[in-house]
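*Asks:* First the structure, which I've put down as structure tokens, then a few questions once you've had a look.
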Amino acid sequence: MGYAFGIDIGGTTVKMGFFQKEEGLLEKWEIATQKGNDPTVVLEDIKVAIYACLERHHVSKEDVEGIGMAAPGPVTEGGLLRGTVNIGWGDVYLGKEGERIFDISPVYIANDARVAALGEAIYGAGVGEKSMMLLTLGTGIGGGVVFDGTIHVGSTGVAGEIGHCTVDPYETAPCSCGKYGCLEQYASATGMVRVAKRFLAEEDMPSVLRDKENLTAKDLWDGVTAGDPLSLMIGKHVSRLLGITIANACYVVDPDLVVIGGGVSAAGEVLLDMVIAEYKPQVFPHSRGKKFALAKLRNEAGIYGAAALVFTV
Ligand SMILES: [Zn+2]
């Protein structure tokens, strides 16, 4: 006993992790995601990968405690995955389908950002903390709130969607969610580039960013680290939106730890320090010492969190 699979289903690849409860991650690998409207195609591919792995490790399926899966779409507490735009699926009870196809139970399913938060809470930056809130700054902004080793899903599955908190109700460009003025539009990797381009057009001060052909969020934070004045101005602007939104979320959930992850978090302490500096004035004085950390598990957070769905039940 004591084995589990942690599976992170993404738009291009499915990340697979084979875990043992005490020993942790035993093997990780990836398979391609076959896009299309039929989730059973992907589940059949995962099944082949699972059984091949069990054979490699001479483990029988009876010794598998369960399978945890993360998927890139909203998931209700009842396990209904509500549409997965970047793969092409409609509504599906993916856990139940998984149990039927894999012939292994139970199969748990949760939103990928929420699962990453659970992974960080149990195996990463949140070890030893009672509660944690994660923001992943990538192409979009994902997030999740974990209390006592459990993801808080919420009644409609949006708890933790920090990236879609409105920070500018007067925005005229739509967010990927269809709303206007979401945090993600300014503080995700793509959002930061958008803000940077706006500053570059509006300000005429010289900047290292002006020479960049395909400006990236990394260029921006490299500029901040190098002390480029315009980069600092842009960095402060996006950090303020992050700090305000984190503070607003803290007035509701007040976690022991706030973790920042995703590709942009590779900028490191400079990003974290600027966000903390903008967070502090937004909260009561006794809340200003809140712990912040950078995510530790990077793109393995999903498989760890998916395994935790099994092990922390
Ligand atoms: Zn949005």
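The values are calculated or read from the model by the stated rules, or taken from the named source; none is laboratory data. Keep in mind the model is a prediction, meaning the values are calculated, not measured. In this analysis, Cβ positions are derived from the backbone assuming ideal geometry, glycine residues included, and neighbour counts consider all displayed protein chains.
*Asks:* If you go through segment 81-113, how many residues are among the polar types (S, T, N, Q) and either touching a Cys at 6+ places or on another chain (Cβ under 7 Å) or outside any loop (DSSP other than H, G, I, E, B) (or both)? Quick ask: steps written out before the conclusion?
*Replies:* Within segment 81-113, the first condition is being among the polar types (S, T, N, Q), and the residues that meet it are 84, 86, 105, 111.
Of the ones still in play, those that are also either touching a Cys at 6+ places or on another chain (Cβ under 7 Å) or outside any loop (DSSP other than H, G, I, E, B) (or both) are 84, 111.
So the answer is 2.
*Asks:* Any chance segment 22-39 includes a residue that's buried (at least 18 other Cβ atoms within 10 Å of the Cβ), more than 18 Å from N299 (Cβ to Cβ) and at pLDDT below 95? Before the answer, list the steps.
*Replies:* Let us first name the residues in segment 22-39 that are buried (at least 18 other Cβ atoms within 10 Å of the Cβ), namely 33, 39.
Going one step further and asking which of them are more than 18 Å from N299 (Cβ to Cβ), we end up with 39.
From what is left, the residues that are at pLDDT below 95 are 39.
There is at least one residue in segment 22-39 that is buried (at least 18 other Cβ atoms within 10 Å of the Cβ), more than 18 Å from N299 (Cβ to Cβ) and at pLDDT below 95.
*Asks:* Tell me whether segment 3-12 contains one or more residues that are surrounded by fewer than 21 Cβ atoms within 10 Å (Cβ to Cβ), under 18 Å from L118 (Cα atoms), in the same structural domain as D63 (by TED's automatic domain parsing) and under 20 Å from the mean Cα position of the chain (by Cα).
*Replies:* Start the filter on segment 3-12 by keeping residues that are surrounded by fewer than 21 Cβ atoms within 10 Å (Cβ to Cβ), which leaves 10-12.
Restricting the remaining residues to those that are under 18 Å from L118 (Cα atoms) gives 10.
From what is left, the residues that are in the same structural domain as D63 (by TED's automatic domain parsing) are 10.
So of that shortlist, the ones also under 20 Å from the mean Cα position of the chain (by Cα) come out as 10.
There is at least one residue in segment 3-12 that is surrounded by fewer than 21 Cβ atoms within 10 Å (Cβ to Cβ), under 18 Å from L118 (Cα atoms), in the same structural domain as D63 (by TED's automatic domain parsing) and under 20 Å from the mean Cα position of the chain (by Cα).
*Asks:* Additional query: With L200, L257 as the choices, which residue is out of contact with any helix residue (DSSP H, G or I) (no Cβ under 7 Å at 6 or more places or on another chain), hydrophobic (A, V, I, L, M, F, W, C), away from the ligand (no atom under 15 Å from the Cβ) and touching a residue at least 24 places away in the same chain (Cβ under 8 Å)?
*Replies:* Values: L200 fails: out of contact with any helix residue (DSSP H, G or I) (no Cβ under 7 Å at 6 or more places or on another chain).
It is L257.
*Asks:* OK, next. Might you check whether a residue that is over 14 Å from D8 (Cβ atoms) and within 18 Å of the chain's Cα centre (by Cα) occurs anywhere in segment 109-123?
*Replies:* Filtering segment 109-123 down to residues over 14 Å from D8 (Cβ atoms) leaves 121-122.
Subset that is within 18 Å of the chain's Cα centre (by Cα): 121-122.
Within segment 109-123, one or more residues are over 14 Å from D8 (Cβ atoms) and within 18 Å of the chain's Cα centre (by Cα).
*Asks:* Determine which member of the set T225, T245 is in the same structural domain as K291 (by TED's automatic domain parsing), of a type in the set (V, I, T), within 16 Å of the ligand (Cβ to nearest atom) and at negative phi. Before you say what the answer is, go through the steps one by one.
*Replies:* Details: T225 fails: within 16 Å of the ligand (Cβ to nearest atom).
Exactly one of T225, T245 is in the same structural domain as K291 (by TED's automatic domain parsing), of a type in the set (V, I, T), within 16 Å of the ligand (Cβ to nearest atom) and at negative phi, namely T245.
*Asks:* State whether one or more residues within segment 64-72 are crowded, with 22+ Cβ neighbours inside 10 Å and either without any contact (Cβ under 8 Å) to a residue 24 or more places away in the chain or among the hydroxyl-bearing types (S, T, Y) (or both).
*Replies:* no
*Asks:* Could you list all residues from segment 137-158 that are within 15 Å of the ligand (Cβ to nearest atom) and under 18 Å from N248 (Cβ atoms)?
*Replies:* L137, I141, G142, G143, V158
*Asks:* Note down all Cβ pairs under 6 Å where the first residue falls in segment 110-126 and is farther than 12 Å from Y304 by Cα, the second is at pLDDT 95 or above and hydrophobic (A, V, I, L, M, F, W, C), and they're at least six residues apart or on different chains.
*Replies:* Filtered contacts from segment 110-126: A125/V259; A125/A293; A125/A295; G126/M132; G126/L257.
*Asks:* Inside segment 265-293, can you point out the residues that are among the hydrophobic types (A, V, I, L, M, F, W, C), within 24 Å of V252 (Cβ to Cβ) and in a helix (DSSP H, G or I)? Even if it seems obvious, please write down each step before you answer.
*Replies:* Within segment 265-293, the subset among the hydrophobic types (A, V, I, L, M, F, W, C) is 266-267, 270-272, 274-277, 283-284, 292-293.
Still in the list and also within 24 Å of V252 (Cβ to Cβ): 271-272, 274-277, 283-284, 292-293.
L271, L272, M274, V275, I276, A277, listed by residue number.
*Asks:* Going through E300, E278 one at a time, which residue ends up being touching a residue at least 40 places away in the same chain (Cβ under 8 Å), farther than 22 Å from Y123 by Cα and surrounded by 15 or more Cβ atoms within 10 Å (Cβ to Cβ)?
*Replies:* Of E300, E278, the one residue that is touching a residue at least 40 places away in the same chain (Cβ under 8 Å), farther than 22 Å from Y123 by Cα and surrounded by 15 or more Cβ atoms within 10 Å (Cβ to Cβ) is E278.
*Asks:* Between a first residue in segment 153-165 that is in contact (Cβ under 8 Å) with a residue 40 or more places away in the chain and a second residue that is surrounded by 14 or more Cβ atoms within 10 Å (Cβ to Cβ) and hydroxyl-bearing (S, T, Y), which pairs have beta carbons less than 8 Å apart while being 6 or more apart in sequence or on different chains?
*Replies:* V153/T76; T156/T76; G157/T76; I162/T245; C165/T245
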